[in-house]
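Report on the following structure.
The values are calculated or read from the model by the stated rules, or taken from the named source; none is laboratory data. Keep in mind that this is a model prediction, so the values were computed, not measured. So basically every Cβ, Gly included, is an ideal-geometry build from the backbone, and we count neighbours across all protein chains shown.
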Ligand code: TXA
Ligand code: MG
């Protein structure tokens, strides 16, 4: 049996599999089967009221999962799907509460990864898939990361290589009065506005709960501080003088005299390497991680968002919220 056939067999048996997408790896199960979706929550240790994204093979599936689909959703799907954009829409009654966390909306996305698309087309239905990490931890960008997270508990992991984007999709809520970005990603506010006009950003009082919007998320086990370059160099040397082991996540080049790794100094390259870099540094067993603060500006918004949450949750025990 090919691994694709193994994946289809597992999905049809109501099991969860590891799925490559262009953003991060997902932990996927049949979105139309409540008992299959519950396995995702059990494996991740994720609270049951956090909704999951339903992955579909294309815009043709919009009306099967969502109702009262606005023209904006069709226009955005035509422009950005397959791609790293999740649309929050009013759900069809058939969407299980397990998928939506009991909310009246559903998140839909068509991933731009050949393996994911081939699987979705062969499967025919929708796949509920959160990122394939344990709740609160760093999202996986390789098949090996997924195996590190779940081991034998998830026997089928499709290997689609390194994820191209490296951070999760932009989430746009189209179920409210005005379009609103709930989670920044590769597709920017300006790109969305070019298609549908003004878009708000940031969760408001009416926004649904989204784990990617929790203050502490994507977290390494090692404490993590974000500092500007000069302050970081200072802090690294000072900590080392105190006998602490420090690893630095730098921009462009690693400062002299410190351990760590440097990510590309452009936002796209940085996002691509961020989670793998955090995982690698976390595995070194040092006392402190220091991340160099990336530049400000629209292009870096999603990276800032992930780094800030990562620092907020860093160093907490595994069962912390
Ligand atoms: O790039 C991605 O979006 C990846 C890949 C696997 O597709 N998936 C991902 O899933 O990041 P997850 O579960 O880690 O994050 C999905 C986010 C969560 O914050 C969830 O709360 C939000 O999407 N979400 C899903 N359905 C929603 C809904 N109906 N309303 C509001 N937020 C929703
Ligand atoms: Mg996640």
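Here are a few things to note about the model shown:
- Test set (1) in contact with a strand residue (DSSP E or B) (Cβ under 6 Å, 6 or more places away or on another chain); (2) farther than 20 Å from residue 184 by Cα; (3) touching a residue at least 24 places away in the same chain (Cβ under 8 Å) - residue 61 fails condition number: (1)
- Top-ranked residue of segment 274-298 - restricted to ones that are surrounded by fewer than 19 Cβ atoms within 10 Å (Cβ to Cβ) and under 19 Å from residue 218 (Cα atoms), ranked as nearest to the chain's Cα centre (by Cα): 280
- Here residue 75 meets the list (1) in contact (Cβ under 8 Å) with a residue 12 or more places away in the chain; (2) surrounded by fewer than 20 Cβ atoms within 10 Å (Cβ to Cβ); (3) on the phi > 0 side of the Ramachandran plot almost entirely, failing just condition (3).
So that you can scan it fast, the table gives a plain yes or no per residue for (1) over 21 Å from residue 51 (Cβ atoms); (2) touching a strand residue (DSSP E or B) at 6+ places or on another chain (Cβ under 9 Å):
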{"position": "94", "(1), (2)": "no, no"}
{"position": "109", "(1), (2)": "no, yes"}
{"position": "114", "(1), (2)": "yes, no"}
{"position": "119", "(1), (2)": "yes, yes"}
{"position": "129", "(1), (2)": "no, yes"}
{"position": "134", "(1), (2)": "no, no"}
{"position": "143", "(1), (2)": "yes, yes"}
{"position": "152", "(1), (2)": "yes, no"}
{"position": "155", "(1), (2)": "yes, yes"}
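- Pairs are defined by a Cβ separation below 7 Å, a sequence spacing of at least 6 or placement on different chains, a first member in segment 197-223 that is closer than 19 Å to residue 70 by Cβ and assigned to a loop (DSSP other than H, G, I, E, B), and a second member that is near ligand 1 (Cβ under 8 Å from one of its atoms) and at pLDDT 65 or above; the pairs so defined are 207/173; 207/182; 208/51; 208/103; 208/105.
- Residue list for segment 47-66, restricted to those being within 16 Å of residue 96 (Cβ to Cβ), surrounded by 17 or more Cβ atoms within 10 Å (Cβ to Cβ) and either touching a helix residue (DSSP H, G or I) at 6+ places or on another chain (Cβ under 7 Å) or not assigned by TED's automatic domain parsing to the domain that holds residue 145 (or both): 50, 51, 52, 54, 55, 56
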